[in-house]
Amino acid sequence: MPLNSLFCPRQTSRTGPLSLASVFSTSPSRPVPLLLLLFVLLGSLTLSAGAAAAESPSGPLVVELFTSQGCSSCPPAERLLAELAKKDSDLLLLSFHVDYWNYLGWEDPFSQAQWSRRQESYAQRLAGGRLYTPQAVLQGQEQCVASRASCLNSAIEELRRPSAVPSDAPPARLEGEVRAQGAEVVVYVEGQLAGPVGPPLELEIVAYENELVTAIQSGENATRTLSHHGVVRALRRSATDNKAPGGSGRFVVPPAWEAAHVGFAALLRDQRSGRILASWDSGPGAALSRSDR
């Protein structure tokens, strides 16, 4: 199957999503003063967006990356997003490794069929049913080819504007706590809503791992050593309600997981639209003993 240089389409006929960066394109024939003014304005918007993110009570902006070790277009996207996540403390990267590229000669050890189904659900709403890797879904609302920095940066900036929050969505906040209970780690999450919510809500609690390295032996990335950040290892859904959202998730941390690199995150989303209302991140190392709590 021929593969596009930017992404790996699961089907043969598809186009990439429109980059939001095109909104800010300028004509080279415009006078220099206007260009300088545009740069100043854009710089101010970027600074304002960053400040708003630092003060947001709704938690970090969530970027879900759909990727695969069997996709030759994915490593550049993974490096790009890992770098963005390291520079931006208010960005939460969760990498979901899909399984539909495993037939190409290399079975991704982090892939799960449920992550492919998760991407399919997003594809129906955001991408016209198209499946490809690497795909980034931001805050459950926007999608980009994950190797396109201009699209990612523009979408992040746009989603951090106050105007990006629908008028019927009250501010929400999540707080979490990680506790060790015997051989298990239990994550407790409590939420607050500043007003009523109409659509049903869903609480997802995930375990993720950073600093994963794999030497690829075959397939499109054969002989390459790949690094991964924010790899989702497990996900728990917890029943919640629209007045006091919250719940808990139990995880067993196997010896193969490096506990110092394991963290937990929670996402509160609108079940109908998929939009993420609030998030929480424990940070790496949360799987270490918390028996003192």
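The values are calculated or read from the model by the stated rules, or taken from the named source; none is laboratory data. From a predicted model like this one, the values you see are computed outputs, not experimental measurements. A quick note on method: Cβ atoms are made from the backbone with ideal geometry, for glycine too, and the neighbour counts reach across all protein chains shown. Ligands, DNA and RNA are excluded from the accessible area calculation, which covers all protein heavy atoms including side chains. Shrake-Rupley method; radii C 1.70, N 1.55, O 1.52, S 1.80 Å.
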- Message: For the stretch 163-293, what does the relative contact order come out to in percent, with C-alpha contacts under 8 Å and a separation of six or more?
- Response: 31 percent
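Could you give the length gained on full extension between Asp241 and Arg161, defined as 0.36 nm per residue of separation minus the Cα-Cα distance, in nm? Walk me through the intermediate numbers first.
Working: separation 80, 0.36 × 80 = 28.80 nm, distance 2.73 nm.
Net length gain for the segment: 26.1 nm.
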- Derived scalar couplings ³J(HN,Hα) [the stretch 269-282; Karplus, 6.51 cos²θ - 1.76 cosθ + 1.60; whole Hz; x for Gly, Pro]: 10, 6, 4, 7, 8, x, 5, 8, 8, 7, 8, 8, 9, 6
- If the stretch 154-286 were replaced by its equivalent ellipsoid, with semi-axes equal to the square roots of 5 times the Cα gyration tensor eigenvalues, what would those be, largest first, whole Å? 31, 21, 12
- Residue-span extension gain [Ala256 to Leu288] - 0.36 nm each, minus C-alpha spacing: 10.1 nm
- Of the listed peptides 91-103, 63-75, 255-267, what is their order by residue-averaged count of other C-beta atoms within 10 Å, with the highest listed first? 63-75, 91-103, 255-267
- Just read off the accessible area of Ile276 with the full protein assembly in place, 1.4 Å probe, to the nearest 10 Å². 10 Å²
